[in-house]
Amino acid sequence: MADIIDGRAISKEIQSEVQRDVEKLRAEKGVVPGLTVVLVGDDPASHVYVNNKAKTCARLGMRSAVEKLPATTTQAELLDLVARLNRDPAVHGILVQLPLPKQINPQVIINSLDPAKDVDGLHPFNVGLLCAGHPRFIPCTPYGICELLTRSAVQIPGSDVVVLGRSNLVGRPLSVLLSSKGRFGDATVTVCHSRSAHLAEVCKRADILVVAIGQREFVTADMVKPGAVVIDVGTHPARNENEKMTGDVKFAEVSPIASMITPVPGGVGPMTIAMLMRNAVDAAVIRTA
Ligand code: GUN
């Protein structure tokens, strides 16, 4: 039976480290890191995420603000807000919550962020730094997955990793990090996706299988090598009272053959917020260095 990788415990550990850094920055430089989260529209899940981010910020001693805009906001109005936040010296980090309403092109907004405040690591400048092997802000979910692996003593160098999913938010940056030189790197990485041939066979070669394909319980036992480490990035809410929240992995049949596995909830989810706090403090440190 697999050991459970406890994302809640590891997230708390990282948040304590961040809190210490916040105190140090205040004591030594008189600087309070500030994060502003921008939320457009009324997606209920996004409201929950954004409120949690603001609460965590406050708990760690940071300055946090949430800018809530109506679903009818135009792209020009959102660009104006981003320009104002770019100019505000008390704002060290900006996160524009995705998805955005359909009249707004998310890439146009991301491109308008000051790259030095882009704590999501999604601006092309930061994507370029990551690809060139000198990451500044690592996108929060891939960063969280790397911390889960290293803090669980999983050997990344030399291992065969399969990343299932190629999104800009998770699969793509994670595959770059794990295959680069550096503290989370030196693995042999295969990226596959919904259009890959022989998916089950490819997944079965993985020492570390990361699943971010966005399909409920997509990975079954026959796709997993005995003893593999399985990281499940999916979150699918219960559809009725008899169902629980599930991930992209069929946990009940995969956990008996994996050596380690992340649960849903309580695996990757709690890590994202911890890494956002890490990036926000790092943004303040960079600004004041
Ligand atoms: N929506 C879901 N995940 C994320 C994330 O990591 N960053 C942003 N900006 N929006 C998200």
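Values as computed for the structure displayed
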{"read-out": "Inter-residue pairs, beta-carbon under 6 Å, first under 24 Å from Ser112 (Cα atoms) and in contact (Cβ under 8 Å) with a residue 12 or more places away in the chain and in region 29-58, second away from the ligand (no atom under 12 Å from the Cβ) and among the basic types (Lys, Arg), 6+ apart", "value": "Gly34/Arg63; Leu39/Lys68"}
{"read-out": "Near pairs, Cβ below 7 angstrom, 6+ apart or cross-chain, from region 163-179 (more than 18 Å from Val224 (Cβ to Cβ)) to any residue that is part of a helix (DSSP H, G or I) and within 10 Å of the ligand (Cβ to nearest atom)", "value": "Leu169/Thr141; Val170/Thr141; Val170/Pro142; Pro173/Pro142; Leu174/Pro142; Leu177/Pro142"}
{"read-out": "Pairs, first part of a strand (DSSP E or B) in region 189-207, second of a type in the set (A, V, I, L, M, F, W, C) and surrounded by fewer than 19 Cβ atoms within 10 Å (Cβ to Cβ), C-beta under 9 Å, six or more apart", "value": "Thr190/Val202; Cys192/Leu199; Cys192/Val202"}
{"read-out": "Qualifying residues in region 84-97 (those that are assigned to a helix (DSSP H, G or I) and in contact (Cβ under 8 Å) with a residue 24 or more places away in the chain) - the one nearest to the ligand (Cβ to nearest atom)", "value": "Leu85"}
{"read-out": "From Ile109, Ile14, residue being of a type in the set (Val, Ile, Thr), closer than 18 Å to Arg278 by Cα and either away from the ligand (no atom under 14 Å from the Cβ) or assigned to a helix (DSSP H, G or I) (or both)", "value": "Ile14"}
{"read-out": "Members of region 15-40 that are surrounded by fewer than 20 Cβ atoms within 10 Å (Cβ to Cβ) and either closer than 30 Å to Pro263 by Cβ or touching a Cys at 6+ places or on another chain (Cβ under 8 Å) (or both)", "value": "Gln15, Ser16, Glu17, Gln19, Arg20, Asp21"}
{"read-out": "Residue list for region 117-175, restricted to those being in the same structural domain as Pro263 (by TED's automatic domain parsing), more than 14 Å from the ligand (Cβ to nearest atom) and outside any loop (DSSP other than H, G, I, E, B)", "value": "Cys146, Glu147, Leu148, Leu149, Thr150, Arg151, Asp160, Val161, Val162, Val163, Leu164, Ser175"}
{"read-out": "Selection from region 161-199 of residues that are among the charged types (D, E, K, R) and surrounded by 18 or more Cβ atoms within 10 Å (Cβ to Cβ)", "value": "Arg166, Arg172"}
{"read-out": "Boolean, Ile109 is crowded, with 18+ Cβ neighbours inside 10 Å and over 17 Å from the mean Cα position of the chain (by Cα)", "value": "yes"}
{"read-out": "Residue within region 264-283 that is small (Gly, Ala, Ser), away from the ligand (no atom under 16 Å from the Cβ) and at pLDDT 95 or above present", "value": "yes"}
{"read-out": "Residues of region 127-147 satisfying the condition of being surrounded by fewer than 23 Cβ atoms within 10 Å (Cβ to Cβ), out of contact with any helix residue (DSSP H, G or I) (no Cβ under 6 Å at 6 or more places or on another chain) and touching a residue at least 60 places away in the same chain (Cβ under 8 Å)", "value": "Glu147"}
{"read-out": "Number of the condition not met by Leu100 [criteria: (1) of a type outside the set (S, T, N, Q); (2) within 26 Å of Gln15 (Cα to Cα); (3) within 12 Å of the ligand (Cβ to nearest atom); (4) not in a helix (DSSP H, G or I)]", "value": "(2)"}
{"read-out": "Ile286 assigned to a helix (DSSP H, G or I) and more than 16 Å from the ligand (Cβ to nearest atom)", "value": "yes"}
{"read-out": "Among (1) free of Cβ contacts under 8 Å to residues at least 24 places away in the same chain; (2) farther than 25 Å from Tyr49 by Cβ, the one test that Glu243 misses", "value": "(2)"}
{"read-out": "Matching entry among Ala76, Ala65, Ala45, Ala54 (being of a type outside the set (D, E, K, R), in a helix (DSSP H, G or I) and at pLDDT 95 or above)", "value": "Ala76"}
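The values are calculated or read from the model by the stated rules, or taken from the named source; none is laboratory data. Small disclaimer: the values here were computed from a predicted structure and weren't measured. Cβ sites come from the backbone with ideal geometry, for glycine too, and all protein chains shown count toward neighbours.
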